[in-house]
Structures are given as structure tokens and as C-alpha cells.
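Report on the structure given below.
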Amino acid sequence: MFYIGVDLGTSAVKLLLMDSEGKIRKIVSKQYPISFPHPGWSEQNPVDWYEKSIEGIRELTEDINRQEVAGISFGGQMHGLVTLDGQDEVIRPAILWNDGRSTKETDYLNEVIGKERLSEYIANIAFTGFTAPKILWMKENEPDQFARIRKIMLPKDYLAYRLSGVFCSDYSDASGMLLLDVKHRCWSEEMMELCGVRRDQLPDLYESYDVVGTLKPEVASELGFPEQVKIIAGAGDNAAAAVGTGTVGEGMCNISLGTSGTIFISSEHFRVDQNNALHSFAHADGQYHLMGCMLSAASCNKWWMEEILKTSDFAKEQEGILRLGENQVFYLPYLMGERSPHNDPKARAVFVGLTMDTTREEMTQAVLEGVVFGLRDSLEIARSLGISITRTRICGGGAKSPLWKKMVANIMNLKVDVIKSEEGPALGGAILAAVGCGEYESVEEAAGRLIRVVETVEPDPELTEKYENCYRKFQKLYPALKPLFQEIIS
């Protein structure tokens, strides 16, 4: 049998075909436009998602017996607001996760309603990217459109609805709406009232591996699939990617060194840190996870290499970096402000400790180290909650650097596992489809059997001790500079 994972991204949909043995048979990607109608706005037409997904699924399955397709599931861009009217027509373009129009509404939730009440209701605080502030914006600025809403859904759930006719979402993706009581895995009555939405406007909730329905007959006919193809709920992109890296079960960790940086920690238990520095969400394995998100990670290195050093030879710039744990130059990686753990849009990138003797290599080293120090800030919060973390998976473009992986191992004092396949949410979606169809008993079993570790970078005790001293110095920099950031950034 075959399983399809659909990764509904911001610029393209990536579709992955996996067989019963877990082998990836084919990958197809289809792009669609994104519009920026006003500064800071970011929108897409949900119909484009569906049409390109159908086009991609046809191409993905052109070389197999389509009668052997058993299930389809999803990983999708989170937080986007999709609204349908009583005739199931899209009311307005979807407002995406990276849309910044709802600053006023976010401030209202955090400062008027209050972060403590939000944390009590939904285990998280508000960010402009999340869904609830977008709903409040639409209510205030487009009241006629708002009054037409009959269904509110997330991007991947629009695909599930078009394919199956079932109005559904999963707990992991719903966690990022600021409408879900994460601890009790149900919609929050308080947040629905605050946002002016009714329960019947929100989807039914499922675990990510639950079967929500089957293909609508007309869709099955169009694709040449059997009507009994199962549609499985799927997950938000981060949770789906975690499944795709095997980051499931108690204390499992994955670090992504992409444009932004994330540290994703799975847990059997619901946990919230005191300051809501980490996102506390449901996980696709049926349990929970904590996630810290840095806005600039590999993008810091890209900026330093291409904009400042004017080079594209990243590997060559790292060749001269030999004295790890001894650098006296520090770098704060806040090129775009920071989310986790500081939640400070006014934070800025800074070099500290430059002298007449500072070398090009030391500054490059500081950039790489600063990103890992920043991620460790989030790791320490998770550890303070009693989660035992001894090793991590690693992915993203930055994970291709042997030097950066070595820094992660020693700055964080973790064993760093590199996995064979790095297909992210698409692979996670395919695995969820296989679990939903009964190929595996659980997400944890599937991940354990399908995800292969091909390399492990071990921390060196002597180097770890050196980096511990460096990290203690790094920790003091942001608190010392925060008042200055507040003063100079209007």
C-alpha cells in the first residue's frame, strides 16, 4: 500500500509518496503565489492550495497503481485564518502566519486580557502570527465579512475539508490558534467569547493520526483513487516535522538550524513555564511538546557571510575556526528581534568583546556560537520544568556544517543525532497516514522503525566545560542590553 504526506508550505505544497516499508518513492512540489496587499500583510488564496495539491497528487502517483493508495495526511503552515461562508465559499484570502497586521489585537490580548489569564485559558500568550488576533482584526476591520463566517479553519484543514467533506482539525495545529485549551484538549469557552466566535464555527478536534473520513466520491474519481482512501487529520508543520525526525515520546528533542531556529521537545506530560517563554502545544503523537523559536538562526550566518564578508563559500570561512570554547567575542543573534525565550521585538543583534586583535575567524565563530547559545536559553527553560534531555536530533541547512553540529553537542552537552532522511512535514504526514491506516500501532512505533540515525556527534567533557563558562557570560548580555534596546528602537 502507499501513503501520501502533504506539506502545505508558504510558497509551495510538497507531496511525498511512501510505501508500506517506509521507503520514499517520489516527491513532487508545486508552487503557488503569495500576496502582500499592504506593508506587513501576507495572504494566499486557499483555492490555490487545493488545486496545486490535486495537480501534485496526480503527478506523484502517475507511476504506481493508484488503487493501492491507502491514506493521505498532512503537515501544514500553522496559524493561518481561513474563513468559509454558508455555501462553503472562501470569504477572503487566508491571512498567513507571517502577517503582521494584528499588532493592536495582540497587545489587547496580552495587556488588557492579560498574559496570566491567557496562560490559564490556553497555556500560551498571544503573538501577531497566531489565529485569534487575526479573528479579532477581521471582526473590527471587516465586520460584514466577519458576519458571513460559518467555518473557521487552518490551512491544512481546508485541504482535508475539500478532500473529505469533514470539518476537522487536530490538536497540534489547533494549539497555535490561541483558541484551544491545550491542557484539556478542547476549545476554550473563554477565548471563543473573547473573539466572538461560536462552537459550531470551529472544527471538530482529532488526534493527528485519527481517521477523519474518506475521499469524496467525486475527488476519488478525479484522482483515480478508490473511494475508501482514508483522510487522516495530520498536524501543524512543526509537529509533523518532529514525527518525520522521530522526535516523539518523553524527552525527545529536535533542533532545527534553518532560516529561523527551533528547539522542539516532546513530552508525555502537559507543562507550561512560568513566563510562557516556550510554546506549550499538543503533539502529533497524542501527547504534548514544548517549542522555542528563534527568529534568526542560519539566517544570521547567511547575513554575516553574504552581506558582510561578501562570500558564498561558507565552508571555507569555517576552516580556520579551531579554538572552540576559547572565543572572547560574543554575538547576540537577534537580527529580527526575538521570540523565544525573550519575546522582545526590539532586541537587536550585537557583537561584544571586539578588540584590535579580533580576527575574521573569531567573529564568524561568534555568530555560529551565538545562535547555539540562544537555542540553549530555551533548552534550559525546558530542563527547569524537570524534562531530562540527553540527546537531540538535528536538521535544517545549518546541520550540514560539521563545525556547527560540534558546537551544538558541546554548548548544550547533548549527543547530536543526524538522521538519514530529512523530508520534514511531508514525511511526518505520510507516517501519520500509515499509522491511521493501521500499518503501525502508534506514532512512536512508526518513528522508531522508520527513522534511521546515520551519525552521532558526542560532546567532549573538556570542551563542554569550556563552553559552560562561555554560556554563563552570554546569559548576562541580553539582560544588560535590554534597557538600551527599549530606548533606541522606536
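Every number in this text was worked out from the coordinates using simple rules, so none of it is lab data. Note that the structure is a prediction, hence the values are computed from the model and not measured. Here Cβ is always computed from backbone atoms with ideal geometry, including for glycine, and neighbour counts include all displayed protein chains.
Things to note:
- Given charges at Cβ of Lys, Arg, Asp, Glu: the chain dipole, positive-most of GLY398, VAL212, ALA70: GLY398
- Remark: CYS195, CYS253 ranked as CYS195, CYS253, counting other beta-carbon atoms within 10 Å and listing the fewest first.
- Listed values for region 385-401 are Karplus-derived 3J(HN,Hα) couplings in whole Hz (6.51 cos²θ - 1.76 cosθ + 1.60, θ = phi - 60°), namely 8, x, 7, 8, 10, 10, 8, 9, 7, 9, 8, x, x, x, 6, 6, 8, and x replaces Gly and Pro.
- Averaging the Cα positions of each part gives two centres, and for region 76-139 and region 18-40 these lie 24 Å apart.
- P(r) weight above 40 Å for the chain, C-alpha pairs, percent: 20 percent
- The 3J(HN,Hα) values that the Karplus relation (6.51, -1.76, 1.60; θ = phi - 60°) gives for region 349-363 are, in residue order, 6, 8, 9, 10, x, 6, 9, 5, 8, 5, 9, 4, 5, 5, 6 Hz. Gly and Pro appear as x.
- Antiparallel DSSP beta bridges within the chain, percent to nearest 5: 70 percent
- For LEU215, distant residues with modelled amide H under 5 Å away: VAL229, ILE231
- Under 5 Å, built H, 5+ apart or other chain: amide partners of VAL350: LEU332, TYR334
- Each stretch of four or more DSSP H residues adds -39500 (n - 2.57); spread over every residue of the chain, this sum gives -10500 deg cm²/dmol at 222 nm.
- Taken about its Cα centre, region 2-239 carries a charge dipole of about 180 debye when Lys and Arg each add +1 at the Cβ and Asp and Glu each add -1 at the Cβ.
- Amide H partners (placed H, <5 Å) of TRP187, local residues excluded: ASP181
- Each residue of region 208-223 was assigned a 3J(HN,Hα) from its phi angle through the Karplus curve 6.51 cos²θ - 1.76 cosθ + 1.60 (θ = phi - 60°); the sequence is 4, 9, 6, 7, 9, x, 10, 4, 4, x, 5, 6, 4, 5, 4, 8 Hz, with glycine and proline shown as x.
- When the alpha carbon gyration tensor of region 2-239 is reduced to an equivalent ellipsoid, the three semi-axes, largest first, read 32, 18, 16 Å.
- Relative to the Cα centre, the charge distribution of the chain, modelled as +1 at Lys and Arg Cβ and -1 at Asp and Glu Cβ, gives a dipole magnitude of about 680 debye.
- Too-long pairs where the Cα-Cα distance tops 24 Å, listed order kept, from LYS52/LYS139; LYS115/LYS482; LYS420/LYS473; LYS151/LYS216; LYS302/LYS406: LYS52/LYS139; LYS420/LYS473
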